[in-house]
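This report refers to the structure that appears directly beneath it.
The values are calculated or read from the model by the stated rules, or taken from the named source; none is laboratory data. Just so it is clear, the model here is predicted, and its values are computed rather than measured. FYI the Cβ positions are ideal-geometry reconstructions off the backbone, even for glycines, and counts take in every protein chain you see. Calculation scope for accessible area: heavy atoms of the full protein, side chains included, ligands and nucleic acids excluded. Shrake-Rupley method; radii C 1.70, N 1.55, O 1.52, S 1.80 Å.
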Amino acid sequence: VGSEMCIRDSYQGSGGCFLVASDPADDSGRIVGMVGGEKKEEGRYELRRMSVDSSIQNRGLGTLLIQQLEKECTNASSIFLTCSNVQYAAHTLYRKCCFTIKNEFVFPLLGSKAFRIYQFEKSMNRSS
């Protein structure tokens, strides 16, 4: 009940949405993917909690979840998200779905290494 309340308050209560995908081949209803769209301000949504089970990655579920999220967030003028430089598969997915890097935040580490956070964004071209 606690997590349901959190999802309702954070996503659906603010005009956003939270989507869950289950495995149709599994009678137990095993969850294999999810994504949330949290409304941050008028027309602007943050894509959050994107996850696809490793056993079915690279089969199109991530793309389908993002496409459905875009449909559900009907008054979105843009959708943004953040991810780190080590989330290579996520970068590929977001670029495939037409997100572009808008900002980069660099956090120096010891030596010549750095940890980076990228802010991806996609403008939604909604016809009136």
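Here the ratio of the Cα radius of gyration of the chain to 2.2 N^0.38 Å is 1.14.
Accessible area of the chain with a 1.4 Å probe: how many percent of it is carbon plus sulfur? Ligands and nucleic acids excluded, carbon and sulfur give 50 percent. Accessible surface computed residue by residue for the range 51-107, with neighbouring protein chains in place and a 1.4 Å probe, gives 60 Å² per residue. Per-residue extension of 0.36 nm, minus the Cα-Cα distance of Tyr88 and Glu42, leaves a gain of 13.5 nm for this segment. Available extension along the chain between Ser77 and Ile31 is 13.6 nm, counting 0.36 nm per residue and deducting the alpha carbon span. Within the range 5-96, the GluC sites (Glu not before Pro) that combine a DSSP coil assignment with at most 10 other C-beta atoms in a 10 angstrom radius are Glu42. Listed by chain and number, the lysines whose C-alpha is less than 20 Å from the C-alpha of Lys96, apart from same-chain residues fewer than 8 away, are Lys71, Lys122. Loop-resident trypsin sites (Lys or Arg not before Pro) (DSSP state other than H, G, I, E or B) in the range 36-96 with no more than 12 further Cβ atoms inside 10 Å of their Cβ: Arg59.
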